[in-house]
Amino acid sequence: MYTREQASQLRQAFWTAFGHYMQPVPAASGEKINWVNYKTGIRQLYFKMDADRDNAFIGIQITHSDAEKRHLFYQTLLQMKPQLHEALDEEWQWQEETENESGKPISFIYTELDEVNVLNQKDWPALISFFKPRLIALDRFWYDVKDIFELLG
């Protein structure tokens, strides 16, 4: 077992390693990007990645406090579902109404990788192989559709 501090240090070490691994990869726009802290440019719409002792996930999280705005963003993405799944080369799970870790309502589109442990460095290659192509695909998709969400505000 790890102490809370050791677990925190291992998580931080993983995300730092992932950031270094992704650093040479340009965004779809051709610009340099902070992959670990990806900025969509749209308030309350995020690309979220996380890993713990049991699994990992990557997804699009809509956290708008206005339920109508959150619904509008979700429905817009739902209309783009074929384009998103084509970019990702896989289908993801769609939840229009769920809650985040804090109990706040969100919409979430995501995929998971089970039976990996971010605290086990032997699992890091599997985690990187899971996150990297999906994050790059999300970036390519977002590059094509971001303007629509800017108009929705």
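The values are calculated or read from the model by the stated rules, or taken from the named source; none is laboratory data. Remember, it's a predicted structure, so these values are computed and weren't measured experimentally. Positions of Cβ are generated from backbone atoms using ideal geometry, with glycine treated the same way; all protein chains shown enter the neighbour counts.
Points worth noting:
- When the stretch 110-153 is limited to residues that are among the acidic types (Asp, Glu) and assigned to a strand (DSSP E or B), the one that is surrounded by the most Cβ atoms within 10 Å (Cβ to Cβ) turns out to be 112.
- For the stretch 7-25, the set of residues classified as in contact (Cβ under 8 Å) with a residue 24 or more places away in the chain and more than 12 Å from residue 121 (Cβ to Cβ) consists of 7, 18, 21, 22, 25, listed by residue number.
- Verdict on residue 65 being more than 19 Å from residue 128 (Cβ to Cβ), surrounded by fewer than 15 Cβ atoms within 10 Å (Cβ to Cβ) and small (Gly, Ala, Ser): yes
- Wholly enclosed helices (runs of 4 or more DSSP H) of the stretch 1-89 bearing at least 2 residues modelled with pLDDT under 95 and farther than 24 Å from residue 106 by Cα: 4-22
- Among all residues of the stretch 107-124, there is at least one that is among the polar types (S, T, N, Q), under 20 Å from residue 63 (Cβ atoms) and under 16 Å from the mean Cα position of the chain (by Cα).
Residues checked against (1) among the polar types (S, T, N, Q); (2) out of contact with any His (no Cβ under 8 Å at 6 or more places or on another chain); (3) under 30 Å from residue 20 (Cβ atoms):
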position: 35; (1), (2), (3): no, yes, yes
position: 41; (1), (2), (3): no, yes, yes
position: 54; (1), (2), (3): no, yes, yes
position: 65; (1), (2), (3): yes, yes, no
position: 74; (1), (2), (3): no, yes, no
position: 96; (1), (2), (3): no, no, no
position: 99; (1), (2), (3): no, yes, no
position: 104; (1), (2), (3): no, yes, no
position: 116; (1), (2), (3): no, yes, yes
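- Residue 50 meets the conditions (1) under 25 Å from residue 7 (Cα atoms); (2) touching a residue at least 40 places away in the same chain (Cβ under 8 Å); (3) acidic (Asp, Glu) in every case but one. The failed one is (2).
- Which numbered condition residue 29 misses (of (1) surrounded by 15 or more Cβ atoms within 10 Å (Cβ to Cβ); (2) more than 16 Å from residue 134 (Cα to Cα)): (1)
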